[in-house]
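The values are calculated or read from the model by the stated rules, or taken from the named source; none is laboratory data. Fair warning: this is a prediction, and the values are worked out from it, not measured in the lab. Reconstructed Cβ throughout: ideal geometry from the backbone, glycine too, with neighbour counts over all protein chains shown. Each accessible area value is taken on the protein alone, full model and side chains, heavy atoms only, with ligands, DNA and RNA left out. Shrake-Rupley method; radii C 1.70, N 1.55, O 1.52, S 1.80 Å.
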Amino acid sequence: MDKNNRQESIELYLQGKLEGQSLHDFEQQLKVDKTLQEDVTISKDVEEVINEVESEELFKENLLKLGGQYVVAQKPKTNATSFPLNWGIIILVVVVLAVVGYFFWQQQNISNSVEPEQIFASYYEPYPSSSITRSNVDTDEAYQNAIKAYNNEKYSEAIEGLTTKPADIPTQLLLSNCYLKVSPPETQKAIEALKSIAEGDSDLYSTTANWYLALAYLQNNQENEAKAIFKDLSQNGSNRYANLAKKILAEWK
Amino acid sequence: MLQKKRTNDRYIQGIRSNDTTILEEIYQKYSQAIIKLVTDNNGTIDDARDVIQESLIVIFKKTKDEDFQLTSSFLTYFYAIARNIWFKMLRKKRMSEVSINENLVLIEKSNVEAAIFKREKHNFYLSKFKKLGGQCQQLLEYYTQGKKVKEIVQLMGFSSEGYVRKRKFKCKEQLIKIIKQDQNYQELIM
């Protein structure tokens, strides 16, 4: 086999494009040539690895965030029996803390009533495009460009490509997020899209859709609607959105 | 039984599509078991975080296989992978005295080992791929993403389609050479 064409022949062979005499010659060579066998195996494996680089990096990124959030050291427990007790001091400290805490709480109530925009700004994070399956991204160039635009925070650019997949729920979530983030925001469109996901058949995405729907209501100054959803979310298990909703309700007077 | 299958399918689908909500559920439900496994066996919370991440990547890669199905509960499978990964890490750290606190019955041992081996091989190839020049990496990525040669010419500013093809083969040859030159390669294929 011509050394210069060696890699080309391997590629063609792996793609099933080697035919006739060329295929016959290659297969004969493959039977006896250990180095060629190795090169074919590596080529095949490497192709698979490169193909998965992007999706794996996105997956890893997601895990890094979650690992930082959920796998954290527990605060050490204090051992009550071995702690030297001086009840007088403890009671005094508790009373002082309670008094200071009470005044602090009062001040907070007076000066820090949280506005919906503040909540939106503090809690809104764009839905990750990593939830999109690779098969979707691969098949459609316009779509692929839309995802890239989304990742680069070019939301108005992303909208057109994302509207091409109305049946794909993660795509619709991305689209809704674009509506929330374009300038000026197209909040009503986001609300409609998110409502239809939240009320649809997909249990998998309804919590996520509800979370963004509540934030969309906040952006639209529909406080009561937003509050009702946060309340539902907070009572719905102990997922991340439930915890965040509890936090929001606690802050929101 | 049906419930177990439904939960397994939901997790597998969620991992396959990198669904944050499902991944969060997995972290919430199962990370404590893995933290205990690692910290009971000479590890730290940071080790546990790495083990959980590596284990989920192994499962993520397995889910790319359309036929992949779990015959055990998700926790059993996840735990078995995490356990294998952690003890491999420990061996690498040369900690000879390791007491193994094992409460779960391990199943699918060969499956788990094969999945972890595949991951190790993948990491090895990936580290070599990253040693290629930026242009070669990009070119090979475009190819495997199925981009047309004409498009690659435009994207990368090359002079002709013929040059793109030639360059691709050169990059691939270079990658194979880097892989085979590494002493770990022989260990890997044995």
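Taking the conditions exactly as written (more than 8 Å from chain B (Cβ to nearest Cβ), in contact with a Leu (Cβ under 7 Å, 6 or more places away or on another chain), buried (at least 18 other Cβ atoms within 10 Å of the Cβ) and hydroxyl-bearing (Ser, Thr, Tyr)), does residue A:9 satisfy them or not?
The answer is yes for residue A:9.
For a quick check of your reading of the model, give me the residue pairs whose first member lies in region B:50-62 and is open to solvent by 20 Å² or more (accessible area, probe 1.4 Å), whose second is modelled with pLDDT under 95, with beta-carbon atoms closer than 6 Å and at least 6 apart or on different chains.
Within 6 Å, the pairs are B:53/A:63; B:53/A:67; B:54/B:85; B:62/B:68; B:62/B:115.
Kindly indicate whether any position in region B:155-166 is open to solvent by 40 Å² or more (accessible area, probe 1.4 Å), among the aromatic types (Phe, Trp, Tyr) and either within 10 Å of chain A (Cβ to nearest Cβ) or outside any loop (DSSP other than H, G, I, E, B) (or both).
Checking region B:155-166: at least one residue is open to solvent by 40 Å² or more (accessible area, probe 1.4 Å), among the aromatic types (Phe, Trp, Tyr) and either within 10 Å of chain A (Cβ to nearest Cβ) or outside any loop (DSSP other than H, G, I, E, B) (or both).
Answer yes or no as to whether residue A:80 is open to solvent by less than 80 Å² (accessible area, probe 1.4 Å) and modelled with pLDDT of 55 or more.
no
Would you confirm whether any residue within region B:16-23 is in contact (Cβ under 8 Å) with a residue 24 or more places away in the chain, on the phi > 0 side of the Ramachandran plot, facing chain A (nearest Cβ under 10 Å) and buried (at least 19 other Cβ atoms within 10 Å of the Cβ)? It would help to see each step written out before you state the result.
Going residue by residue through region B:16-23, those that are in contact (Cβ under 8 Å) with a residue 24 or more places away in the chain are B:16, B:18, B:23.
Still in the running and on the phi > 0 side of the Ramachandran plot: B:18.
Narrowing further to those that are facing chain A (nearest Cβ under 10 Å): B:18.
Right, trim to buried (at least 19 other Cβ atoms within 10 Å of the Cβ) and you get B:18.
Scanning region B:16-23 turns up at least one residue that is in contact (Cβ under 8 Å) with a residue 24 or more places away in the chain, on the phi > 0 side of the Ramachandran plot, facing chain A (nearest Cβ under 10 Å) and buried (at least 19 other Cβ atoms within 10 Å of the Cβ).
What number of residues in region A:152-174 are touching a Pro at 6+ places or on another chain (Cβ under 9 Å) and either assigned to a helix (DSSP H, G or I) or open to solvent by less than 20 Å² (accessible area, probe 1.4 Å) (or both)?
Selection size over region A:152-174: 3.
For region B:96-115, state whether one or more residues are surrounded by 14 or more Cβ atoms within 10 Å (Cβ to Cβ), at pLDDT below 90 and more than 17 Å from residue B:82 (Cα to Cα).
no
Report the residue count in region B:115-126 for those that are over 18 Å from residue B:53 (Cα atoms) and more than 9 Å from chain A (Cβ to nearest Cβ). Talk me through it step by step, then tell me what you get.
Of all residues in region B:115-126, those over 18 Å from residue B:53 (Cα atoms) come to B:125.
Restricting the remaining residues to those that are more than 9 Å from chain A (Cβ to nearest Cβ) gives none.
Of the residues in region B:115-126, 0 are over 18 Å from residue B:53 (Cα atoms) and more than 9 Å from chain A (Cβ to nearest Cβ).
Pick from region B:24-58 the residues that are among the small types (Gly, Ala, Ser) and part of a helix (DSSP H, G or I): which of them is farthest from the other protein chains (Cβ to nearest Cβ)? Steps first, please.
Taking region B:24-58 as the starting set, the residues that turn out to be among the small types (Gly, Ala, Ser) are B:31, B:33, B:43, B:48, B:55.
Restricting the remaining residues to those that are part of a helix (DSSP H, G or I) gives B:31, B:33, B:48, B:55.
Numbers: B:31: 5, B:33: 12, B:48: 6, B:55: 10 Å.
So, considering only residues that are among the small types (Gly, Ala, Ser) and part of a helix (DSSP H, G or I), the one farthest from the other protein chains (Cβ to nearest Cβ) is B:33.
Exactly one of these conditions fails for residue A:219: (1) at pLDDT 85 or above; (2) buried (at least 18 other Cβ atoms within 10 Å of the Cβ); (3) not charged (D, E, K, R). Give me its number.
All conditions are met except number (1).
Yes or no, residue by residue, for (1) farther than 28 Å from residue B:130 by Cα; (2) not β-branched (Val, Ile, Thr):
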| position | (1), (2) |
| --- | --- |
| A:10 | no, no |
| A:17 | yes, yes |
| A:26 | yes, yes |
| A:30 | yes, yes |
| A:38 | no, yes |
| A:43 | no, yes |
| A:50 | no, no |
| A:54 | no, yes |
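Look through region A:83-132, keep the residues that are farther than 22 Å from residue A:247 by Cα and of a type in the set (S, T, N, Q), and return whichever of them is modelled with the highest pLDDT.
A:129
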